[in-house]
Amino acid sequence: MATLRLTQPENEPAPPNTFGDFHWIRENEATLLEKYGEGFILVYNKAVIGFGPTYQAAVEAAERNLPPGPGEITPVIDTLYHRHPFTRIVSTTLSISLDDLRDER
Amino acid sequence: MTGIGLRVYRQPGHAEVYLRFTGRHGGQVRLTAVIDTGSHGTMLPEAFAQQLQIRNPRKVWLERAGVPGAGFEAIEAKVMIRVEDELGALTQPFEISVWFAGTLEIVTGFGGLLNRAVLHLDMPNLTGYLDFPDDI
């Protein structure tokens with residue numbers, strides 16, 4: 001069975017499917033949202049190979065969907081969600097180191 | 001200057017950029033992020049905190065500005081990224097702060113990325129690019 005590869009070595013160019021697949025997701029976002037709902041989506045050569053409400057569920061779904069035979073496939077991972085009319089995320093002043101939190105316990 | 005091409009869309013109108021993050025176990029994780037000139041930083045779904053090499057994680061409180069009651073907790077951490085486009089343009093690696101939150105949104109704003117670059121956006125022609133200085 002083929003294997004799933006979600007990362008690439010640093011000096012390796014992007015797999016041939018990468019940018020086309022990201023663009024395909026965006027171009028078909030409305031249709032994909034209607035079909036799958038909100039969540040994480042894995043796409044390879046303009047076909048959905050995995051979807052799930054969580055990253056892990058989406059990857060596991062893709063692993064169950066791998067084609068037989070040797071080789072590896074290099075899907076892109078993206079998210080589907082209904083966009084807010086504006087984003088504008090800001091951080092307020094609270095900033096606690098996780099190490100400090102552990103010490104307090 | 002390194003010019004990185006953006007993908008520009010209509011309906012809804014927005015621009016996106018490709019980001020390459022250093023993975024937790026080495027290698028590069030590629031994501032696409034919406035350019036958000038109103039956001040103070042870069043935000044990713046919290047699941048990616050397990051996939052990326054992060055340092056100095058801290059708990060922070062984020063708000064969607066102007067929306068009452070829309071605050072939420074996130075982990076802020078340092079990550080190494082490179083910005084790229086599909087024609088092969090690629091910046092040097094640089095470190096930014098990223099918020100990992102219980103969201104599906106992947107957005108990038110100031111506070112690490114946009115504050116380093118000149119943004120060009122041509123909506124009628126659906127083109128755009130970010131110009132990064134070579135000494136990023």
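The values are calculated or read from the model by the stated rules, or taken from the named source; none is laboratory data. No experiment lies behind these values; they were computed from the predicted model shown. Virtual Cβ from ideal backbone geometry, glycine too; neighbours counted across all protein chains shown. Just the protein is used for accessible areas: all its heavy atoms, side chains included, with ligands, DNA and RNA removed. Shrake-Rupley method; radii C 1.70, N 1.55, O 1.52, S 1.80 Å.
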Using only helices, what value at 222 nm comes out for the protein assembly as shown when you add -39,500 (n - 2.57) per DSSP H run of length 4 or more and divide by the total residues, to the nearest 500 deg cm²/dmol? -4000 deg cm²/dmol
List the extent of the Cα atoms of chain B along each of their three principal axes, largest first, rounded to whole Å. 38, 38, 23
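State in Å² the accessible area per residue of chain B; use a 1.4 Å probe, count heavy atoms of protein chains only, and round to the nearest integer. Numbers along the way, then the final one.
Values: 5790 Å² over 136 residues.
Computed with neighbouring chains in place, this is 43 Å² per residue.
To the nearest hundred square angstrom, how large is the accessible surface buried between A and B, total for both chains, probe 1.4 angstrom?
Values: alone 7870 and 7660 Å², together 11760 Å².
Heavy-atom accessible area buried at this interface is about 3800 Å².
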Once amide H atoms are placed 1.01 Å from N in the peptide plane, what residues at a sequence separation of 5 or more from B:Gly23, or on another chain, have their amide H within under 5 Å of its amide H? B:Gln28, B:Val29, B:Gln53
Sort the following peptides by mean Cβ neighbour count (other Cβ atoms within 10 Å, averaged over residues), highest first: B:86-92, B:22-28, B:106-112, B:41-47. B:41-47, B:106-112, B:22-28, B:86-92
Within-15-Å neighbourhood charge of A:Ile25 [Cβ basis; K, R +1; D, E -1]: -3
Taking every residue in A:44-56, how many Cβ atoms of other protein chains lie within 10 Å of its Cβ, on average? 1
What FRET efficiency would be calculated for the residue pair A:Glu38, B:Asn56, taking the C-beta separation as r and a Förster radius of 45 Å, to the nearest 0.05? 0.90
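Between beta-carbons, use under 14 Å as the cut-off and find the net charge around A:Gln56, counting Lys and Arg +1, Asp and Glu -1.
On the way: positive: A:Arg64; negative: A:Glu60, A:Glu63, B:Glu46.
Once positives and negatives cancel, what remains is -2.
What does the average come to when, for each residue of peptide B:54-62, you count the partner chain Cβ atoms lying within 10 Å of its Cβ? Don't skip to the answer; put the middle values down first.
Details: counts 0, 0, 3, 3, 8, 7, 6, 7, 5.
Partner-chain Cβ atoms within 10 Å, mean over residues of B:54-62: 4.
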Taking amide H positions as placed in the peptide plane 1.01 Å from N, state which residues far from B:Glu76 in sequence (5 or more) or on other chains have amide H under 5 Å from it. B:Arg58, B:Lys59, B:Val60, B:Phe100
Return the aspartates and glutamates within reach of B:Lys59: Cα separation strictly under 19 angstrom, same-chain partners fewer than 8 residues apart disregarded; answer none if there are no such residues. A:Asp99, A:Asp100, A:Asp103, A:Glu104, B:Glu46, B:Glu73, B:Glu76, B:Glu95, B:Glu105
